[in-house]
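One structure below.
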Amino acid sequence: SRLDDDDDESHHEHTKAITCCSNVSPGSISNLCSATLGAGALSLPYAMSMTGIVFGVLLLLLSAYLTILSINIIIEACVVTQQFKFEEVSKRLAGPSMAIALEASLLVFCFGTAVAYIVAVGDILDQGLH
């Protein structure tokens, strides 16, 4: 029946997505978590104090939804292209020049994150020492 075919196709896509994710190294996961969670954890209290609790929670829920949506798009792109590195997926979908642009933006992001951590640690140490 058509319903069984849809279930089989859905299961097959899910299995391919799991296979895609099984190739991820623990170092990649650690890098991603430290880059995204660290900055968010430092800025969340300030953002909540600036927006208020109700609007802050709404913005937090919106950003969580958009994060889930973007991750699902990336997983779907991995499954469709059968490429399991972000740079390779972008190269396959958008061409070599966009892959270079992506790598450049990742470099700028990582550099900016490192600078933000240095500034934050410097501020914390400055307050603790005085």
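The values are calculated or read from the model by the stated rules, or taken from the named source; none is laboratory data. Just so we're clear, the structure is a prediction, and the values are computed from it rather than from any experiment. Here Cβ is always computed from backbone atoms with ideal geometry, including for glycine, and neighbour counts include all displayed protein chains. In case anyone asks, the SASA skips ligands and DNA or RNA and just uses the protein heavy atoms, side chains included. Shrake-Rupley method; radii C 1.70, N 1.55, O 1.52, S 1.80 Å.
Give the stretch 50-101 a look and list any residue that's open to solvent by less than 80 Å² (accessible area, probe 1.4 Å) and hydroxyl-bearing (Ser, Thr, Tyr), or say none.
Thr51, Ser63, Thr67, Ser70, Thr81, Ser90
Determine the pairs where a residue that is closer than 16 Å to Ser43 by Cα and in a helix (DSSP H, G or I), located within the stretch 100-126, has a partner that is among the polar types (S, T, N, Q) and open to solvent by less than 100 Å² (accessible area, probe 1.4 Å) with Cβ atoms under 8 Å apart, the partner being 6 or more residues away or on another chain.
Within 8 Å, no pair qualifies.
Can we say Ser10 is among the hydroxyl-bearing types (Ser, Thr, Tyr) and modelled with pLDDT under 90?
For Ser10, the condition - among the hydroxyl-bearing types (Ser, Thr, Tyr) and modelled with pLDDT under 90 - is met.
May I ask you to verify whether Glu76 is in a helix (DSSP H, G or I) and at pLDDT below 90? Show your work before the answer.
Numbers: in a helix (DSSP H, G or I): yes; at pLDDT below 90: no.
So Glu76 does not fit the description; no.
Which one of these is modelled with pLDDT of 75 or more and in contact with an Asp or Glu (Cβ under 6 Å, 6 or more places away or on another chain): Ala64, Ala99?
Criteria check complete, one pass: Ala99.
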